[in-house]
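Working notes for the structure below.
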Amino acid sequence: MNRIADPLSFTYAPTSASSPNSFISSSSLPPDSSLLVTDTLDSPAHFLLLQLVSNALRPSGAGRGALRELDERRRVVILGVKEREEYWASLLKKSGVQLATERSKGSFVFLDCSSPTETPSSLLSVAASALAPPDQAADESSRSNPHLGPLIVLDDVCTLSWMGMAMREVLRFWAALRRLTSEHSASLVTLFHADSLSPSPSFPSPAAPAYDSPEDQYLFRSLLQRSDLWVEVTGLSSAGMGGQGEITIHRGPSLISPHPSASPAARPSFGNWTVDAPRIGPTAVQYKMEEAGAVYQVKGGGTLGRAW
């Protein structure tokens, strides 16, 4: 198996006919994209969210040869429904990120969405304010690529429902948040706890009806329909495999190849992109939690992508 630095990385096609070889290598999620992440109590996915946030605040870059680096620096907006800001501060500190410093620069915003009295309208209002800072012009000029908007992390969507918010309202809020993502060329990461679905949402257990939640199943399917990628984090059941698991990349409906006669318009700033990650099935990325963080190994290969 080959060890890799990041389970999610992207290659962007040339944006100009005059520079056909100037591909962009990036670990930053594409603009106007939605990533659905599912996990369980036995295999929590916060290590993956941590890597996405760290990459946004302190990108390392990976351009080599014909590939050139994309300036991945971007603001991070976390909608904390379950975990508090102190939790994120503790995690990011281990990665060398000081939230106090990032907050003072306007690079990090934490929105406490844990109050049961919150409504979809109030949550959306604070999210919209965070995505459009007063000093937006200065924020954009500080990056070499102003078309890469903020990284938005919803941690997590299930807790909104468990706090008593009606399923219809949860879906309306998420849909509105997805529209904001598009308006600001942002990327949306949504964490979904899949314990109430089955051991694996993609491979339901024969005994699943005994503990499946129809409401959570409906929520999961609804979110998946509007997600570009679904990243499924599962644990390894073998004895002695604690802290180890697999990350499987699934195509969202928007990644399904269109009919050859269709001509979707590409985003002028990025063009087409592919995900440099293995396909589903036996070629999944495997991870292992170590003291310094997660390490990844991949078996096989393949790409996923869509035209933007």
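The values are calculated or read from the model by the stated rules, or taken from the named source; none is laboratory data. A quick note: this is a predicted structure, and the numbers were derived from the prediction, not measured. We place every Cβ from the backbone using ideal geometry, glycine too, and count neighbours over all the protein chains shown.
List of remarks:
- Hits in region 237-250 (condition: at pLDDT below 85, surrounded by 13 or more Cβ atoms within 10 Å (Cβ to Cβ) and over 15 Å from GLU290 (Cβ atoms)): ILE249, HIS250
- Leading residue by the ranking (surrounded by the most Cβ atoms within 10 Å (Cβ to Cβ)) among those in region 213-236 that are modelled with pLDDT of 90 or more and charged (D, E, K, R): GLU232
- Residue match in region 96-107 (condition: touching an Asp or Glu at 6+ places or on another chain (Cβ under 8 Å), modelled with pLDDT of 80 or more and not charged (D, E, K, R)): yes
- Hits in region 41-61 - residues which are surrounded by 17 or more Cβ atoms within 10 Å (Cβ to Cβ) and either at pLDDT below 85 or farther than 29 Å from LEU124 by Cβ (or both): SER43, PRO59
- Matching residues in region 115-149 - criterion: being at pLDDT 85 or above and not hydroxyl-bearing (Ser, Thr, Tyr): PRO120, LEU123, LEU124, VAL126, ALA127, ALA128, ALA130, LEU131, GLY149
- Filtering region 162-198 to residues that are of a type in the set (Ser, Thr, Tyr), in a helix (DSSP H, G or I) and buried (at least 19 other Cβ atoms within 10 Å of the Cβ) leaves only THR181.
- Residue match in region 7-22 (condition: of a type in the set (S, T, N, Q), surrounded by 23 or more Cβ atoms within 10 Å (Cβ to Cβ) and at pLDDT 65 or above): no
- Checking every residue in region 192-205 against the condition of being within 25 Å of PHE108 (Cα to Cα) and modelled with pLDDT of 90 or more gives at least one match.
- Only one entry of PRO278, PRO264 meets the criterion of being at pLDDT below 85, of a type outside the set (Val, Ile, Thr) and closer than 18 Å to SER34 by Cβ, and that entry is PRO264.
- Meets criteria (charged (D, E, K, R) and modelled with pLDDT under 75) for ARG64: yes
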